[in-house]
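Reviewing the structure listed below.
The values are calculated or read from the model by the stated rules, or taken from the named source; none is laboratory data. These figures come from a predicted structure and were not determined experimentally. Neighbour counts are summed over all protein chains in view; Cβ atoms, including those assigned to glycine, are modelled from backbone coordinates with ideal geometry. Surface accessibility is based on the protein's heavy atoms, side chains included, excluding ligands, DNA and RNA. Shrake-Rupley method; radii C 1.70, N 1.55, O 1.52, S 1.80 Å.
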Amino acid sequence: MTEPATVLQARGVVKVFGQHRALDDVSIDLRAGEVHALLGENGAGKSTLIKILTGAYQATEGEVLLEGQPVRFADPLQAQAAGIGTVYQEVNLLPNRSVAENLFLGHQPTRFGFVQKKVIYAKARAVLATYGLDVDVRAELGSYSVAVQQIVAIARAVELSGKVLVLDEPTASLDRNEVDRLFDIIRQLKARGLAIIFITHFLDQVFAISDRMTVLRNGKLIGTSSLKDVSPTDVVRMMLGKDLEILHPVSTAAEGASGPVMLSFDGFGKPGKVAPVTLDIHRGEVVGVAGLLGSGRTELARLMFGVDTAESGKVTMNGKEISLRSPVQAVQAGFGFCPEDRKADGIFGDLSVRENLIIALQAKLGWFKALNRDEQLEIAGRYAEALDIRAANHDMPIKLLSGGNQQKVILGRWLAIDPNFLILDEPTRGIDVGAHAEIVRTINRLREDGLGLLVISSELDEIVAYSSRVVVMRDRQMVAELHGQDISPKIIVQAIAAQHQEAAE
Amino acid sequence: MKTRVLSRLISPQTMALAAVLLVNWILFPGFFDIEWKDGRLFGSLIDVLNRGAPVAILAIGMTAVIATKGVDLSVGAVMAIAGATAATMVEAGWPAHTAVAVALLAGLACGLWNGVLVALLDIQPIIATLVIMVAGRGIAQLITEGSIVTFSDPTLIFIGTGSFLGLPMPVVIAATLAVLATLLVRRTALGLLVEAVGVNRSAARYAGISANVLLLAVYVFCGFCAAIAGMIVAGDIRGADANNAGLWLELDAILAVVIGGTSLLGGRFSILMSVLGAVIIQAMNTGILVSGFPPEFNLVVKSGVIILILVLQSPLSATLFLRAPKAKTGASK
Amino acid sequence: MNRSLRPLAATAIIFLLCYLAAVIQFPSMLSTRVLGNFLTDNAFLGITAVGMTFVILSGGIDLSVGAVIGFTGVLIAVLISHFGMHPLAAFAVTLTIAALFGAAMGAAIHYMQVPSFIVTLAGMFLARGAASVISPDSIPINHDFYTSVSQAYLLMPGGGRLSLIGGIMVLVFVVGALVAHRTRFGSYVYALGGNTTSAALMGVPVARTTILIYTLSSFLAGLSGVIFSLYTSAGYSLAAVGVELDAIGAVVIGGTLLTGGYGFVAGTFIGVMLMGLVQTYIIFDGTLSSWWTKIVIGVLLFMFILLQRIVFAASAPRKKAFWKV
Amino acid sequence: DGLQGKVVGFSQIGSESGWRAAETSVTKLQAEERGIDLKFADAQQKQENQIKAIRGFIAQGVDAILVAPVVATGWDAVLQEAKDANIPVILLDRGVDASEDLYLTSVASDQVKEGRVAGEWLVNTVGDKDCKIVELQGTVGSTPAINRKQGFEEAIAGKANLTIARSQTGDFTRSKGKEVMEGFIKAENGGKDICAVYAHNDDMAVGAIQAIKDAGLKPGTDILVVSIDAVPDIFAAMVAGEANATVELTPNMAGPAFDALDAYLNGGTVPEKFIITESKLYTPADNPQGEYDTRKGLGY
Ligand SMILES: Nc1ncnc2c1ncn2[C@@H]1O[C@H](COP(=O)(O)OP(=O)(O)OP(=O)(O)O)[C@@H](O)[C@H]1O
Ligand SMILES: Nc1ncnc2c1ncn2[C@@H]1O[C@H](COP(=O)(O)OP(=O)(O)OP(=O)(O)O)[C@@H](O)[C@H]1O
Ligand SMILES: O[C@@H]1[C@@H](O)[C@H](O)OC[C@H]1O
Ligand SMILES: [Mg+2]
Ligand SMILES: [Mg+2]
């Protein structure tokens, strides 16, 4: 049997940002008809490598070859023209334009110089139908959920990829069904002879679809091998350079272990956003929130943190009614909130890691009681160490950190205010296996320290691993509360899916 | 630490200032002469500071606004309102301190109005402040009934033309304000919080910062600064010229802030650098005055200098001059 | 109706209501004369505003347009009156210079990464300064071509005049709308305004598009200068001072978001007409002093953006700021 | 009878100077006295707004139009339109570059002459002494700035002892006048070399006077001050001995204009094309206090 042809290749690629070597002598080759997983911890350099392959960045050293010929893409447009379609990490589309235009921007069919809108709409509908998506293709992309946007991004890349398809964490905000559908499409493309790069932090997905994998660590190439020859444990070892228990431990968060009621939400809701919710949070417990995309979990969290103002019900804390009309009040009451959209609502990109760590504490202290530099250094140092935040130094802008480290900074920001109640919305999204395990451990530790936590996650294994109780949301309503033995992926899925059965009946 | 101070001293701004002053000196050899006369300092350099003071004061407030990713186009009109208020009141027989207080209040009120539009009604700053830019001058003229209100109140005149420790009052006021404002933002948490709001207003809200109150405060402060500048300008000519006071100065103030290195996209800011920016602009204006070029060339010279400063500051020149590795920053803009 | 068209429709309805209110008070405001004047008198503003719409849609701003109008007028006048050039040749020369000027600003904005506000402010000083260096004095243009073109109009019943320059403005709006909404270039403009990073990653030629946008804006400002010189048969370095703010106002009133990415060329047309309406109303009223004129304009501006704010809040999709970084 | 009940549109330039404010208020006063319904439109310094205003007036069918044109060129088309509509147009205080049959009459001063009168006063005052003059110009490119410069230069031409050492624009405003004068003083040996300042309007002169005082010199004595407009504040300066001469530009352009209009509408008398107002020179010898008092209430 002959080796399939190498389509795209990088040789000895080095990328330097300022002082930092993000990639150090990395080589990779992609063959026609293979799915090639690119793996590594947060900040290992995966996204940087694909940006170099697709013309978004220029390599400091090294070369890129397309079908054996050296190429130098000045921008993504040239890479597209050469048949490379890319989904960059974190949907990079245009929320202000129609779904159809997002699919075909730059390639719209024209007649006499004018874009043929009808043709585009028809094509867009046809393309999205293959993904099982039936949306109004003339509507603004921004009016659809992240999942829909993610699928549009994938569809766009697929349309553009004559030879190579690059997918940088395409599944981070998709649910199981959507992932399955994506995999079907990937298999078809593979059969057509495309070379596909697939980046993800979900190991099961890697094994489900990939043929070979390349692992990066700290910008260095660790190795490339066929997935047939390795086990998940091997992969993790290659990524982290050490062994790690990758299966979530069975929950130690027995419900009985939690303390007295700390917070009670009573008929708490907002018409059109979240139906009234009644929920007690005890000291030393983790309440997991499960539900499908768009089921209203984020809305509930926003309401509980005063980002949106509840219009019904009341909240009592340690027996006293409190007002939650703004995050300021929530923070004063000792609440913390790690939002789902890290980039938009979490980080202050241009501010330093240190400032990002102390900002909530500073906000709580008020305008005039400033933390001086020494205090800031001390606090930042403490939480950076406690959470193992990896940054060259704490004065660098946080936007230069990898996603996982940014997530830890935001968590650290809230730990610094010494909170009573923490809300975490998808705390492990886009986070590598190592950091993932660490965050799960941290959640457990915080619970043991007596905090109350509300954790929203789409990963059921994870929810099961730390929750003392699980509530299930559906259609913006709290529909079930699961205890003890019921906290298992299977039963949660049933609770979530009940709706489909009901609808079918 | 030493190298940090040193690297600050050779920023593009200080280089630009040095260059402009040098050119002024070549055009007019007496440029650096300073003499002591009647208990105060005299000289072109002092003029630069004195004439630059109103824009510097505007720039102090404008810096805070721009740091929050906003902009305030109304400051010129607010200057006119404050000057008109103070002048009309002293002419009507009110004591000077009352007139000054009311003028300052007028500035605060305008700032509050802008702040409400921006923070609470969520109107884009350029458009929100355009309202007072247009209507404010009308209000000022309404106060003066269209004429130039000349006054002889010594307190108001002192604000514009007096001196303290040999320095012109406007310089003293601007310097004091700059130092106080810097202390206020750097010794408290305000500076950090303002930057946070400018970098990411949504994240600021989630972090428990009262972003709206802060925005209000920033516009109010800017209005306050504009009112002070307005009284200085009125005191300087002993009259409130509602039609011309502060005309187009909002552009100079914004320019000063940008020359000072604060990004119009919000975030990191430096009040002292903005003040330096204002001084650069005035040094340039004064240079034009002493150069003896025909006035038709004023604007061409001015644009030339601005372009030069921008080129000096741009990342492009950093890569050209400092030979830093040329990184394509397409995705990190 | 398509949800994104709602603000446009609202703006149009508000305009009609305002016009109706004005007509009720001054019935002669319904005459063909007034309608004709709307087109003719606002022709140069309208043409500039079309260019400004593109700039603002892309998330930028162009403060130089008023100065470019002044510069164009002076250059044309000098070329015709002092160098004896034929007006059409003078137009060609001047429009080329204007376009190159815009291209230079666009290049500076993109490559030097300086905000458009500052680059075009410097451009404004430069253009205005260059105009006064060429001639501080206003220069009359006496040429048969000018007389015939500026006198070219169709007489409407009721004495109204449908002038050639008014017609040119309408044409520019139509072409502008087609380019914005029906071409790839137009979609790139919206893309830049939506999110520059995404646009770049999606393969939008950011440099070329940015340069083209400012080229277009300056070119249209130049064309506006041509129209202005036809309108006044003269070139003057101080002509059209502050028109940039009127143009920005018209664009924003027309429903285009200053942050870029949302808006319509047709909205700008309504914006221009609304500004014309306000001025005409004030002239018909005739009792406002210099200062009340300013206050009333400011108050009307405020009421308009407030109304729009309400309409937008009601129709904008959730979490629009979601992607803006 | 008279102009009672007639509707007259007035397109004013703006309100950029004390003098202009006075012209506006005097015009309104004159209209009121004659029972005219005056439609006032402020053009905020823009010619395009003036053209719009005139067309608006035509559309309303006013009986006559007054316009103070911001610039000389660019009026043919709109004046033709007024003529076609049989509406007489009268120009106030500045002229236009258009065919004379397009307007009824022009009531204005002779701006070149104003400059000349100022220049001649200076020539006579300094005699044979050497005199370095600094000039504060009006807004670059504005008609009064160009004409007043020209007239002044004509008057001192051929006098070798009088030279204009420096000339900059002070934008017709007090504060710019002061700032520019400050610069001149520094550049001319602390002001010791300056013998006189010529300002294109009184507002700038008032600013210059303050700059001279701030420099420790005596305006009116160490440095002569001559300017144009005759606004109250310049008379106040004369009373204080700080200003030496001003050339009057009367704010009452409307009076003669309405008279001419009256005669034309009611008697069919075509007025002369150019009604030139007097360019009267005032010095401290002309009872400045009295002049100050009579002008104070006119809205300057
Ligand atoms: N524009 C930039 N300037 C400076 N440093 C950068 C830049 N982009 C990335 N880096 C740094 O380069 C390293 C590699 O980042 P990259 O985004 O490639 O990681 P990744 O493997 O994709 O991580 P993740 O799994 O979190 O997406 C990180 O340390 C990051 O901080
Ligand atoms: N970006 C968006 N634009 C418009 N509507 C949205 C958007 N995000 C969510 N929604 C809608 O808001 C409702 C609740 O969404 P919410 O974000 O609270 O759900 P969630 O359970 O947290 O899901 P996710 O995991 O997607 O965040 C859903 O009906 C969803 O369709
Ligand atoms: O001062 C006056 C100026 O402001 C006006 O524009 O023209 C006449 C001048 O005298
Ligand atoms: Mg990545
Ligand atoms: Mg969510």
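Exposed loop sites were defined as trypsin sites (Lys or Arg not before Pro) in DSSP loop states (anything but H, G, I, E or B) carrying at most 14 other C-beta atoms within 10 Å; in chain C the longest segment without such a site runs C:1-317. Can you list the DSSP H helices in chain C whose Cα atoms extend at least 24 Å along the helix axis and whose mean Kyte-Doolittle hydropathy is -0.5 or higher? Helices meeting the span and hydropathy rule in chain C are C:6-25, C:87-111, C:116-134, C:164-182, C:206-232, C:265-285, C:290-315.
Dipole of the protein assembly as shown, Cα-centred, from +1 at each Lys and Arg C-beta and -1 at each Asp and Glu C-beta, to the nearest 20 debye?
It comes to approximately 3280 debye.
One Cα centroid belongs to the stretch C:92-150, the other to the stretch D:127-149; the line between them spans 29 Å.
Projecting the Cα positions of B:V258, B:A106, B:P29 onto the charge dipole of chain B (unit charges on Cβ atoms of Lys, Arg, Asp and Glu, taken about the Cα centre) puts B:V258 furthest along the positive direction. Using only the alpha carbon atoms of chain A, find the Kirkwood hydrodynamic radius as the inverse mean reciprocal pair distance, in angstroms to one decimal. Taking the inverse mean of 1/r over all distinct Cα pairs, chain A comes out at 24.3 Å.
Compute the helix-to-body angle for A:373-386: its Cα long axis versus the longest principal axis of chain A, expressed 0 to 90° and rounded to tens. Approximately 70 degrees, to the nearest 10.
Equivalent ellipsoid of the stretch C:5-313: semi-axes from √(5λ) of the C-alpha gyration tensor, largest first, are 29, 27, 17 Å. Of C:F44, C:F173, C:F83, which is the most mobile in a GNM of chain C whose springs link Cα atoms less than 10 angstrom apart? Per the Cα network of chain C with a 10 Å cutoff, C:F83 tops the list.
Restricting the calculation to Cα atoms, the stretch A:230-371 shows an Rg/Rh of 1.05 when the hydrodynamic-style radius is the Kirkwood one.
Just to confirm my numbers, what's the Cα centroid distance between the stretch B:39-85 and the stretch D:51-76 in Å? After rounding, the separation between the Cα centres reads 39 Å. Counting heavy atoms of the protein chains alone, A:M213 has an accessible area of about 0 Å² for a 1.4 Å probe.
Counting Cβ atoms of other protein chains within 10 Å of each residue's Cβ and taking the mean over peptide C:138-148 gives 3.
What FRET efficiency do you get for C:T183 and A:D234 if R0 is 60 Å and r is their Cβ-Cβ distance, rounded to the nearest 0.05? Given R0 = 60 Å and the Cβ-Cβ separation, E is 0.65.
Legend: mean number of C-beta atoms from other chains within 10 angstrom of residue C-beta atoms, peptide C:178-188, equals 4. Sorted largest first by accessible area at a 1.4 angstrom probe radius, with every protein chain in place, the residues B:L21, D:L136 fall in the order B:L21, D:L136. Could you list, in their original order, any pairs among D:K132/D:K296; A:K51/A:K408; D:K28/D:K176; D:K213/D:K296; D:K46/D:K186; D:K178/D:K280 whose Cα atoms are separated by more than 27 Å? Long pairs (Cα-Cα over 27 Å): D:K132/D:K296; D:K28/D:K176; D:K46/D:K186. Loop-located trypsin sites (Lys or Arg not before Pro) across the stretch A:305-362 with a Cβ neighbour count of 14 or fewer within 10 Å are A:R325, with loop assigned by DSSP.
Residues A:R176, B:R51, ordered by accessible area of protein heavy atoms at a 1.4 angstrom probe radius and largest first, appear as A:R176, B:R51.
Taking all protein chains into account, the per residue accessible area for the protein assembly as shown stands at 36 Å² (1.4 Å probe).
Each label point was placed 7 Å from the Cα along the Cα-to-Cβ direction; for B:D122 and A:H107 their separation is 3.6 nm.
Counting Cβ atoms of other protein chains within 10 Å of each Cβ in A:447-460 and taking the mean gives 0.
Got a number for carbon plus sulfur as a percent of chain B's accessible area, 1.4 Å probe?
Accessible surface attributable to carbon and sulfur in chain B totals 71 percent.
In terms of the mean number of neighbouring beta-carbon atoms within 10 Å, the peptides A:448-455, D:225-232, C:220-227, C:149-156 order highest first as C:220-227, D:225-232, A:448-455, C:149-156. From the Kirkwood radius over Cα pairs of the protein assembly as shown, Stokes-Einstein at 37 °C and 0.692 mPa s returns a whole-number translational diffusion coefficient of 94 µm²/s. Relative to the longest principal axis of the Cα atoms of chain D, the long axis of helix D:47-60 lies at roughly 20 degrees. Sorted from greatest to least, the principal axis extents spanned by the alpha carbons of the stretch B:53-280 come out as 52, 39, 27 Å.
Taking the Cα centroid of the stretch A:288-322 and of the stretch A:179-234, what is the distance between the two, rounded to the nearest whole Å? Taking the Cα centre of each part, the stretch A:288-322 and the stretch A:179-234 sit 39 Å apart.
Quote the FRET efficiency, to the nearest 0.05, computed for A:T224 versus A:Q485 with a Förster distance R0 of 51 Å and r equal to the Cβ-Cβ distance.
0.70
At R0 = 30 Å, how high is the FRET efficiency between B:W248 and A:K117 if r is their beta carbon distance? Nearest 0.05 is fine.
My answer for the efficiency is 0.10.
Note on B:S291: accessible area is roughly 30 Å² with a 1.4 Å probe, heavy atoms of protein only. If I model a spin label at A:T309 and B:D33 as a point 7 Å from the Cα along the Cα→Cβ vector, what separation in nanometres do I get? My value for the distance between the label points is 6.6 nm. Sparse packing (at most 10 other Cβ atoms within 10 Å of the Cβ) combined with a DSSP loop state is found for the following trypsin sites (Lys or Arg not before Pro) in the stretch A:1-99: A:R72. Convex hull volume per residue, computed on the Cα atoms of the stretch C:49-139, equals 88 Å³. For chain A, the longest principal axis of the Cα atoms and the long axis of helix A:146-160 meet at an angle of about 10 degrees.
Relative protection proxy for D:203-209, A:376-382, from highest mean packing down: D:203-209, A:376-382 (other beta-carbon atoms within 10 angstrom). Residues of the stretch D:54-75 buried by at least 50 Å² of accessible area upon assembly of all protein chains, compared with the chain on its own (1.4 Å probe): D:R55, D:A59, D:Q60, D:T73. Think of the stretch A:1-142 as a dipole: +1 on every Lys or Arg Cβ, -1 on every Asp or Glu Cβ, centred on the Cα centre; then among A:T130, A:T110, A:L38, A:T110 lies furthest on the positive end.
Exposed loop sites here mean chymotrypsin sites (Phe, Trp or Tyr not before Pro) with a DSSP loop assignment and at most 11 other beta-carbon atoms within 10 Å; chain A contains its longest site-free run at A:113-367.
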